[in-house]
Amino acid sequence: MLDKLNEIQATALSALEEVQDEAALQAWKQKHTGGNSELTGVFKGIGKVAKEDRGKVGKRANEVKVALEAALTARKSEVKEAALARSLEEDHLDVTLPGRPFRHGGIHPATQTLRRTLKILGDMGFQVYTSREVESDAYNFEHLNFPPGHPAREMQDSFYIEGTDTAQVMRTHTSPGQIRAMREYAASNPENPPPIRISLPGMCYRSEQITHRSEIQFNQVEGLAIGEFITFSDLKGTLSDFARRMFGQHARTRFRAQHFPFTEPSAEMDVECFLCGGEGCNVCKKAGWLEILGCGMVHPNVLTAGGYDPNRYTGFAFGMGTERQAMLRHNIKDIRYFWGNDERFLEQF
Ligand code: DAH
C-alpha cells in the first residue's frame with residue numbers, strides 16, 4: 001500500500017508539470033485529489049488495511065495529500081505568472097514603465113490679474129456688470145460723446161461687422177457698457193434712478209498693428225460710480241486706494257490732466273514705479289512713474305445718454321488695461337506672449 005501511495009504521488013506530480021493553464025489545473029485537481037481519485041480511494045479503503053499497517057498507511061496518505069495540495073498551489077502561481085508574461089509579450093504592455101507625470105493646468109496670467117482687479121474692486125463695493133462684445137456705433141462712440149468725425153474716433157481703429165443694417169463694431173473699449181448699465185438702472189426707476197457702483201470687465205478689439213506694446217484684442221476693466229454727491233475727490237480717493245490694494249500699501253499715485261470725450265475733467269493716474277521705487281528704471285523708462293489708468297468725471301452728455309439728469313447726478317469713471325497691469329506686475333516685456341500659447345511663458349505663473 002505504501003508503494004502505491006508513492007506511485008500516486010509520483011504520477012500526480014509529474015502530471016502537474018505538464019499543466020499550463022487554469023482549466024488544466026482544475027482537471028488535475030479533480031483527477032488526483034477529487035472524490036474519485038486513487039488517493040481518495042486509499043482513504044476510503046483504510047478500514048480494510050491490516051490493523052498493524054493502518055497507522056503507517058494513514059500517515060503516508062495524509063503526507064501525499066498535503067504534498068499534492070502544496071504542489072498545486074505552487075503550480076497555480078507559476079501558471080498565473082506565465083500567463084501574465086505571455087500577455088505582456090502579446091499586448092506590448094509594460095506594467096513596469098513609470099507613469100506619466102500628471103500635468104496641472106494653471107490660470108492664465110491675464111485672467112489672474114483680471115480676477116485680482118475685480119476682487120479688489122468688489123471689496124470696495126463695485127459689483128461686476130458684464131456687457132456685450134459686439135456693439136453698435138452709437139454705444140461704442142456716439143453716446144459716449146464722440147461726435148461723428150471727432151478726432152478721437154480716428155484713434156480707435158475699429159473692426160466693423162459686415163452685413164448689418166446699422167454699423168456694428170467689436171467694442172474698442174469697455175466704456176459702452178457704462179451706457180448699457182445706466183440705461184438698465186434708470187429703467188428700473190426712471191423718476192429716481194438709483195446710484196451705481198459697478199466694474200465692467202471684458203475683451204476689447206482694435207484693428208492695430210501688432211507689436212510688443214499693442215495687440216488686436218485685450219482685456220479692460222472699467223469702473224463707474226454714479227450718485228448725487230460724487231466729486232473728483234471721491235475719484236482720487238477711490239483710485240489711490242485701489243492702487244494701494246493692487247500694488248502694495250506704500251504705492252503712491254499722481255493724477256495728470258488728460259482728455260477723453262466721455263469724461264470732464266479727465267485724467268490719467270500714474271503709480272510710483274514699484275520696480276525701482278521711483279528711482280527710474282527700464283520699466284518706467286527712467287520716469288519713476290507708471291501710467292495705470294484713464295479716469296474722469298462722467299460727462300453731462302454721457303449721463304444724459306444713460307438716463308441720468310446731469311443737474312442732479314454726478315459720477316466718475318475709469319478704465320484700465322488688464323494685460324498692461326499684468327505686464328507691470330510681472331515685468332513682462334512683450335504683450336504678444338499673452339496670446340502666444342507658449343507653455344514656457346505660461347508655466348511661470
Ligand atoms: N475707454 C478708454 C480707453 O479705452 C479708457 C477710459 C478712460 C475709460 C477714461 C474711462 C475713463 O471710463 O473715464 O482708452
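The values are calculated or read from the model by the stated rules, or taken from the named source; none is laboratory data. Predicted, not measured: the structure shown is a model, and the values here were computed from it. No Cβ is skipped: glycine too gets one built from the backbone with ideal geometry, and neighbour counts run over all protein chains shown.
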Point to revise | Complete set of residues in the range 242-267 that are closer than 16 Å to Asp123 by Cα and either away from the ligand (no atom under 15 Å from the Cβ) or out of contact with any helix residue (DSSP H, G or I) (no Cβ under 9 Å at 6 or more places or on another chain) (or both) | key: Ala243, Arg244, Arg245, Met246, Phe247, Gly248, Gln249
Study note, to complete from the structure: Here, strands (runs of 3 or more DSSP E) confined to the range 249-349 with at least 3 residues that are without any contact (Cβ under 8 Å) to a residue 60 or more places away in the chain and more than 31 Å from the chain's Cα centre (by Cα) are 253-260, 263-272
Review point. Of Leu328, Leu346, Leu275, Leu290, which residue is touching a helix residue (DSSP H, G or I) at 6+ places or on another chain (Cβ under 6 Å), aliphatic (A, V, I, L, M) and modelled with pLDDT under 95?
Key: Leu290
Review point. Which of the residues belonging to the range 1-48 are surrounded by 15 or more Cβ atoms within 10 Å (Cβ to Cβ) and not in a helix (DSSP H, G or I)?
Key: Met1, Val19, Ser37
Point to revise | Sole residue being in contact (Cβ under 8 Å) with a residue 40 or more places away in the chain, assigned by TED's automatic domain parsing to the domain that holds Gly296, of a type outside the set (A, V, I, L, M) and farther than 29 Å from Ala287 by Cβ, chosen from Arg206, Arg197, Arg213, Arg245 | key: Arg197
Review point. Are any of the residues in the range 116-123 crowded, with 19+ Cβ neighbours inside 10 Å and modelled with pLDDT of 95 or more?
Key: yes
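So that you can scan it fast, the table gives a plain yes or no per residue for (1) surrounded by 15 or more Cβ atoms within 10 Å (Cβ to Cβ); (2) farther than 30 Å from Asn189 by Cβ; (3) of a type in the set (S, T, N, Q):
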position	(1), (2), (3)
Gly307	yes, no, no
Pro310	yes, no, no
Phe318	yes, no, no
Thr322	yes, yes, yes
Gln325	yes, yes, yes
Leu328	yes, yes, no
**Study point:** Residue list for the range 184-206, filter: assigned to a loop (DSSP other than H, G, I, E, B), surrounded by 13 or more Cβ atoms within 10 Å (Cβ to Cβ) and not basic (Lys, Arg)
**Key:** Pro193, Pro195
Revision key, fill the gap. When restricted to Thr322, Thr263, the only residue more than 15 Å from Ala225 (Cα to Cα) and of a type in the set (S, T, N, Q) is Thr322
Point to revise | Selection count, the range 70-123, where residues are part of a helix (DSSP H, G or I), of a type in the set (Lys, Arg) and not assigned by TED's automatic domain parsing to the domain that holds Leu235 | key: 4
Exercise for review: Identify all residues within the range 222-272 that are farther than 17 Å from Val302 by Cα, modelled with pLDDT of 95 or more and aromatic (Phe, Trp, Tyr); write none if there are none.
Suggested key: Phe242, Phe255
Revision key, fill the gap. Restricting the range 173-194 to residues that are over 32 Å from the mean Cα position of the chain (by Cα) and among the hydrophobic types (A, V, I, L, M, F, W, C), the one farthest from the ligand (Cβ to nearest atom) turns out to be Ala187
Practice item. State yes or no: is Asp234 acidic (Asp, Glu) and in a helix (DSSP H, G or I)? Key: yes
Check your understanding: If we scan the range 195-216, do we find a residue that is modelled with pLDDT of 95 or more and over 29 Å from the mean Cα position of the chain (by Cα)?
Key -> yes
Review point. Only one of Val57, Val66 is surrounded by 11 or more Cβ atoms within 10 Å (Cβ to Cβ) and in a helix (DSSP H, G or I); which?
Key: Val57
Study note, to complete from the structure: Of the residues in the range 148-169, those that are at pLDDT 75 or above and within 13 Å of the ligand (Cβ to nearest atom) come to Asp157, Ser158
